[in-house]
């Protein structure tokens with residue numbers, strides 16, 4: 001695949017799947033704009049991926065705010081002149097029993113996962129229509145399609161299911177604009193998200209127990225998902 005001079009916006013781009021996707025895009029000639037909530041993490045990632053700073057830009061801020069999506073598009077256009085790809089990867093995850101979810105907790109899933117994807121996509125589609133189209137890849141989830149008893153995740157699953165529905169709608173609505181919209185739906189992928197609610201020791205003890213859950217006999221790695229994202233970003 002050749003992404004020479006293609007410009008991609010990646011939300012949740014500081015670590016895990018987003019970081020790996022950015023790394024691969026840069027290796028294939030692309031330029032990337034990263035988003036996340038932690039500016040220092042974004043800075044470190046940008047410097048690690050491209051010490052020259054010529055092909056990476058970043059904007060810290062909550063993707064739940066529509067102005068963040070607009071700001072990412074404006075940054076991409078001002079630094080690199082265009083927007084070709086949007087990867088909606090930002091998310092939160094913490095298995096929680098249904099009766100333990102409160103209003104604020106539930107809203108955080110909807111805001112970051114669904115609202116963030118909706119308004120970032122809206123800003124990107126407007127920019128893509130000004131050019132020659134583009135591609136949006138949403139990182140959905142297997143949990144949106146299948147409930148897992150060991151990981152009660154009703155709020156997360158509902159928000160991700162909304163992303164899947166949004167994907168189908170945007171794909172139909174904007175096909176004529178030359179904009180492809182797809183989603184990937186990973187199961188367990190070993191990323192830093194698990195460290196947001198477990199210690200390093202707990203992660204090391206818990207995640208191997210999910211290897212057998214997958215048909216290939218192991219948990220996913222960021223590269224597995226990034227490979228799929230790049231394929232969907234580049235297919236024409």
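The values are calculated or read from the model by the stated rules, or taken from the named source; none is laboratory data. Here the structure is a predicted model, which is why all the values come from computation and not from measurement. Cβ placement follows ideal geometry from the backbone for every residue including glycine, while neighbour counts extend to all protein chains displayed.
Side notes on the structure shown:
- Some residue of the range 38-50 being touching a residue at least 40 places away in the same chain (Cβ under 8 Å) and either under 17 Å from the mean Cα position of the chain (by Cα) or part of a strand (DSSP E or B) (or both): no
- Restricting the first member to the range 119-145 and to residues that are at positive phi, and the second to residues that are buried (at least 18 other Cβ atoms within 10 Å of the Cβ) and at pLDDT below 95, no beta-carbon pair is closer than 6 Å while six or more apart or on different chains.
- Residue check for residue 33: more than 17 Å from residue 222 (Cα to Cα), part of a loop (DSSP other than H, G, I, E, B) and in contact (Cβ under 8 Å) with a residue 40 or more places away in the chain: no
- Only residues that are surrounded by fewer than 24 Cβ atoms within 10 Å (Cβ to Cβ), at pLDDT 95 or above and either under 13 Å from residue 126 (Cβ atoms) or touching a strand residue (DSSP E or B) at 6+ places or on another chain (Cβ under 6 Å) (or both) were counted across the range 74-105, and they come to 6.
- 3 or more residues within 14 Å of the chain's Cα centre (by Cα) and surrounded by 14 or more Cβ atoms within 10 Å (Cβ to Cβ): qualifying helices (runs of 4 or more DSSP H) within the range 126-236: 154-174, 222-234
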